[in-house]
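Worksheet: the structure to be examined is printed underneath.
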Amino acid sequence: MTGSSDSRLHRRLIDSLYTEAMLLADEARGYFDEAGRAERETLDPLIRVGFSCESLKVTTRLMHVIAWLLTQRAIDAGELTAGAALDPSRRLGVSPLVDSELLRGLPPRAALLVASSADLHRRVSLLDAAQGMPAGVALSPVHQLRDRIAHASDRLAPGRR
């Protein structure tokens, strides 16, 4: 594949993910502001708090994804260099963890929005992780796991290594 066809493919992928993220954000906003509010009121008080937390996590995930995708669009438009996009402030960011046990107690539509936002963030994180790597080089699942463990241990015990 040539560089220009790679660029077109990248642009189409980014545009597709951006559209998906914006539609999901609009759906989440509509649900959590309207129908979800009524469903939330029927829940046990503890699950109601969890419902509210998960709705914030959905918003956080989607805003991280949208910001990252806008950065990619800026690169494609020549407004930002690929090197500048490697700055930590322009990277995707960590997704808030999904409380799987709580997820089972949420209304089905809320659970679907939580799962969809987590899946979209996971897919975009694969693209973010590949940023800055030479073309055609991808981390093996073993290397990805090793890097995730190293990053997690750094966060748990800073300065140790």
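Mind giving me the FRET efficiency for residue 133 and residue 79? R0 is 25 Å, r the Cβ-Cβ distance, nearest 0.05 is fine. Approximately 0.65, to the nearest 0.05.
FRET efficiency for the pair residue 47 and residue 126, taken as 1/(1 + (r/R0)^6) with r the Cβ-Cβ distance and R0 = 25 Å, rounds to 0.20.
Label-to-label distance for residue 26 and residue 97 is 3.4 nm, based on points extended 7 Å past Cα in the beta-carbon direction.
At full extension, residue 6 and residue 115 could sit 36.2 nm farther apart than now, given 0.36 nm per residue minus the alpha carbon distance.
Here, each number is a calculation from the coordinates, and none is a lab measurement. Just so it is clear, the model here is predicted, and its values are computed rather than measured. Note that each Cβ is placed from the backbone with ideal geometry, even for glycine, and that neighbours are counted across all protein chains shown.
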